[in-house]
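Before any comments, here is the structure.
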């Protein structure tokens, strides 16, 4: 039996009170509200807790338990929400190139969404952590498109598409992807790799992010950073488990899991060089 998402509970989690309809206004508004309300975080992989992509489990964690999650969980939830509203939506998969050379050979470890509206194709992505898309993009190459934060654009070379964002005056590639719709099992395989492979960075450090109207905030291990949309970034080092927990709760809005290993894992986080 398929899972029916509790759309009202999701909208309450987002503190969203606007109209809901399968149109571009709703798509943009929900994507923007989602990345502000539901943080990107990798506490489960860090704690070696299995990450499930079953819709009921994802909904319980991100909507009802006050947690966040990473790309497969975030975009899986958003896909179910959009379907419940009446959008025509499918999942795509990408190879992350953020902070890597343009020709880097990377695995398919990121999920994004394609939406069809009134004869046009759009992309949404509420799960890219520090550079989550606050809004939606037309599937149209070589065009700078505004979002709630930095401008984004898409490049197209044959079957290869690249998502880029204008960061401090320079276009940076987030990932590359094609337009082949993916089945749920494709994400199960990629999620297993991302959350359990010994070399996955999600197992060895703490990552959290939120995208707000005027800034992005991020936590990488003990370094907490605030990146204003118009202004210089501010960073500070967190000292001690209590301070890390306080920032996770107050800045990212995460209801911390009651896990026996949490304090030990946080205490072992490295200090920025």
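Here, each number is a calculation from the coordinates, and none is a lab measurement. Since the model is a prediction, treat every value here as computed from it, not as a measurement. Cβ sites come from the backbone with ideal geometry, for glycine too, and all protein chains shown count toward neighbours.
Please arrange 161, 98 by how many other C-beta atoms lie within 10 Å of their C-beta, fewest to most. Walk me through the numbers before you get to the answer.
Working: 161 19, 98 16.
Ascending number of Cβ neighbours within 10 Å: 98, 161.
Fewest to most neighbouring Cβ within 10 Å: what's the order for 163, 111?
On the way: 163 25, 111 29.
Arranged by neighbour count, lowest to highest, 163, 111 become 163, 111.
Which of rounded, prolate or oblate describes segment 178-229 when judged by the alpha-carbon gyration tensor and an a/c cut-off of 1.5? Walk me through the numbers before you get to the answer.
On the way: a/c = 4.11, a/b = 1.51, b/c = 2.73.
Verdict is oblate for segment 178-229.
Is the C-alpha gyration tensor of the chain telling us rounded, prolate or oblate? Criteria: a/c under 1.5 is rounded; beyond that, a/b larger than b/c is prolate, otherwise oblate.
In terms of gyration-tensor shape, rounded.
Suppose we keep just the DSSP beta bridges with both residues in the chain; what percent of those would be antiparallel, to 5?
Just about 95 percent of them are antiparallel.
Expressed as a whole number of Å, what is the distance separating the alpha-carbon centroids of segment 6-45 and segment 124-161?
Taking the Cα centre of each part, segment 124-161 and segment 6-45 sit 18 Å apart.
Just to confirm my numbers, what's the Cα centroid distance between segment 75-118 and segment 185-238 in Å?
Segment 75-118 and segment 185-238 have Cα centres spaced 17 Å from each other.
Would you work out if segment 132-273 is rounded, prolate or oblate? Take a ≥ b ≥ c from the square roots of the eigenvalues of the alpha-carbon gyration tensor; rounded if a/c is under 1.5, else prolate when a/b is larger than b/c, oblate otherwise.
oblate
For each of 40, 224, count neighbouring Cβ atoms within 10 Å of the residue's Cβ, then give the residues from fewest to most.
Values: 40 26, 224 21.
Ordered by Cβ neighbours within 10 Å, fewest first: 224, 40.
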